[in-house]
Amino acid sequence: MAAAAAALRCNPRLSAAAALRGAAAAPQVVKEAAIALLVGAAEPCLRGRRRGAGVRCQRSAAASAVVVEKKGRAVEPTQEGANAGHAEAELTVVMKFGGSSVASAERMREVADLILSFPEERPVIVLSAMGKTTNKLLMAGEKAVACGATNVSELDELTFIKELHFETIDQLGLDRSIVSGLLDELEQLLKGIAMMKELTLRTRDYLVSFGECMSTRIFAALLNKLGVKARQYDAFEIGFITTDDFTNADILEATYPAIAKRLHVDWVTGPAIPIVTGFLGKGWKTGAITTLGRGGSDLTATTIGKALGLREIQVWKDVDGVLTCDPNIHPKAKPVPYLTFDEAAELAYFGAQVLHPQSMRPAREGDIPVRVKNSYNRRAPGTLITKTRDMSKTVLTSIVLKSNITMLDIVSTRMLGQYGFLAKVFSIFEDLGISVDCVATSEELDHVIEELEKIAVVQLLQHRSIISLIGNVQRSSLILEKAFNVLRTNGVNVQMISQGASKVNISLVVHDSEAKQCVQALHSAFFERFLARSQ
Ligand SMILES: Nc1ncnc2c1ncn2[C@@H]1O[C@H](COP(=O)(O)OP(=O)(O)O)[C@@H](O)[C@H]1O
Ligand SMILES: N[C@@H](CC(=O)OP(=O)(O)O)C(=O)O
């Protein structure tokens, strides 16, 4: 059993899902041929060089007209916005700014200022869509399915998106033509959806791509206006090749040499800060626009970091780094100064919204440090994520909560031997093409249960939460002792426990109704009282 469970953890998506089931609240007591699967329910599958002297960003205030071309073509840097430098030095860092960092004209100015406050860097910039644009686009698409083509122009979400982008452009003193073509195209697309009365995953990706296509064009124009040469890129035009899994595509290997070549050649022939759309790619078979899963701009940034062998990858957010838990769950969450790639990856897989689940992979492969910083509080040191770190004093790093999980309790009817049973259970998921922690609809779940019931007694336990304790599992006894002490004091019965093969994660399953209170109590025990005592 243990061997089977460990093997399953090789697949990060399955790792959240497969765990040994013990007798209630008796961790590590393993029942014969009985496993439980956790099925994510509510959310869609979300899915060195040293610095050198060289080209510097100029801060000249020379205004310039910006040449804006059609979607799919880069906004070329302007003469006036010329960065006088030559490309004798390579690009040094990638800086990614999330939606909250570029949510308004004021925020865009702030981000431009932030970038220019590092004149020694030659950055590649990755941007997400402005503020909540992605959510609004999705909502507009869903409403368009039912509202009829003649009513599309009146959709609140479309009006909001138009106003946000036009107001931003006006406030920045730029030309509305930068995005007007895209906004027309967006309206046409919504009319098409209304006529078809259908929003496919492929269309969904095309629809949300407008957010990043607009934010990057506006920002490139702003930098050029400020006298800093910048060049806009649509990721799907410069070699971000992905699988054709719309809404949750994976980056393919061919991406790395392709984007490295394109960005490098452009940089040496005409140095200009590259401003790249986050989140987007191009499906290798269909040639259509794909997205990398919600929050996918982090992955765009780490992919560029690895492709170009940059010194550092910076992801600028609206929090002071990766925190000891979700600040929306517990206001006393505090920044974690250092993490390993393994810890950060585990944290992200288990639902911490702060990093995209796949984003650590390219950074780890390229061994490029990732720094998570706050664009609203530049001085905060943030979190530095590296391959290794001194773990000697570490017990717990962070607590992650993933709610609204469905747990499948599967007990063998002994028609098959133990090994055959486990193999059969997972082949059912494979045959149905279901990634265990990504089952999104109850229909999918019905199929799974129907198949499983041929070999097992299946119990469906809904409204469960996974609490993941990310830390030094070399100290698992201490972590468990402390955690169970807290849970017992709070009268909480743990329904399942699983220790990750990655040695950085222990997961507990509790009922949804108790989960937040548990996280708060655990946080207080590990990070508040512990610190108070050790200081
Ligand atoms: N452990 C955590 N550390 C930091 N932030 C977290 C954590 N868990 C959840 N969050 C949430 O993640 C948000 C940042 O992620 P995200 O919204 O994707 O940023 P951005 O859009 O800037 O890339 C924070 O505002 C915070 O509410
Ligand atoms: N705009 C996309 C991609 C992204 O990465 O956004 P953010 O960096 O704001 O999480 C989304 O909302 O999912």
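Whole-Hz ³J(HN,Hα) for each residue in the range 149-155, computed from phi via Karplus 6.51 cos²θ - 1.76 cosθ + 1.60 with θ = phi - 60°, x for glycine and proline: what do you get?
For the range 149-155, the Karplus-derived couplings read 4, 6, 9, 4, 4, 8, 4 Hz, x marking Gly and Pro.
List the trypsin sites (Lys or Arg not before Pro) within the range 285-337 that fall in a DSSP loop (any state other than H, G, I, E or B) and whose Cβ has at most 14 other Cβ atoms within 10 Å.
Filter output for the range 285-337: K285, K332.
Just to check I understand the Karplus step: with θ = phi - 60° and J = 6.51 cos²θ - 1.76 cosθ + 1.60, what whole-Hz values come out for the range 121-138, glycine and proline as x?
Couplings: 8, 10, x, 9, 9, 10, 10, 8, 5, 5, x, 9, 3, 4, 4, 5, 4, 5 Hz.
If the chain between L461 and T413 were fully stretched, how many nm would it gain, using 0.36 nm times the residue separation less the Cα-Cα distance?
Extra length available between L461 and T413 comes to 15.4 nm.
Distance between the C-alpha centers of the range 476-506 and the range 382-408? Whole Å please.
Value for the Cα centre distance between the two parts: 14 Å.
Please list, in chain and number order, the residues 5+ apart from T242 or on another chain whose amide H is under 5 Å from its amide H, with Hs placed from the backbone.
L252, K282, G283, W284
Beyond 33 Å, what share of the Cα-Cα pairs of the range 93-386 is found? Please give it as a whole percent.
Summing the P(r) of the range 93-386 above 33 Å gives 20 percent of all pairs.
Taking 7 Å along the Cα-to-C-beta vector as the label spot, tell me the S513-E120 distance in nanometres, rounded to one decimal.
5.7 nm
Could you work out the per residue convex hull volume over the alpha carbons of the range 152-293, in cubic angstrom?
Hull volume over Cα atoms, normalised by residue count, gives 103 Å³.
Once fully extended, how much extra length lies between H264 and F166, figured as 0.36 nm per residue of separation less the alpha-carbon to alpha-carbon distance?
32.0 nm
Using alpha carbons only, how many angstrom separate the centre of the range 286-362 from the centre of the range 121-162?
Here the answer is 23 Å between Cα centres.
With θ set to phi - 60° and the Karplus curve 6.51 cos²θ - 1.76 cosθ + 1.60, what are the ³J(HN,Hα) couplings of the range 92-100 in order, to the nearest whole Hz, using x for Gly and Pro?
In residue order, the calculated couplings are 10, 9, 10, 10, 9, 10, x, x, 5 Hz.
DSSP beta bridges in the range 93-386, what fraction antiparallel, as a percent rounded to 5?
DSSP beta bridges in the range 93-386 are roughly 25 percent antiparallel.
Provide the net charge surrounding E142, with neighbours chosen by a C-beta distance below 12 Å and charges set as Lys +1, Arg +1, Asp -1, Glu -1.
Residues near E142 contribute +2 overall.
Any idea what log10 I(q)/I(0) is at q = 0.15, 0.19, 0.23 Å⁻¹ for the range 245-347, Debye with uniform C-alpha scatterers and no solvent?
-0.79, -1.09, -1.31
Under 5 Å between amide H atoms, partner at least 5 residues away or on a different chain: which partners does R122 have, H built in plane at 1.01 Å?
For R122, whose amide H was placed from the backbone, the distant partners under 5 Å are T92, V93.
Given a cut-off of under 8 Å on Cα pairs at least six residues apart, what relative contact order in percent is computed for the range 342-404?
33 percent
Considering the zone a paramagnetic label at K197 would reach in this model (a point 7 Å from Cα along the Cα-to-Cβ line), which residues of the range 142-156 have amide N under 17 Å from it?
142-152
All of the numbers you see were taken from the coordinates with simple rules; none came from a lab. A quick note: this is a predicted structure, and the numbers were derived from the prediction, not measured. Cβ: placed from backbone, ideal geometry, glycine included. Neighbour counts: every protein chain shown.
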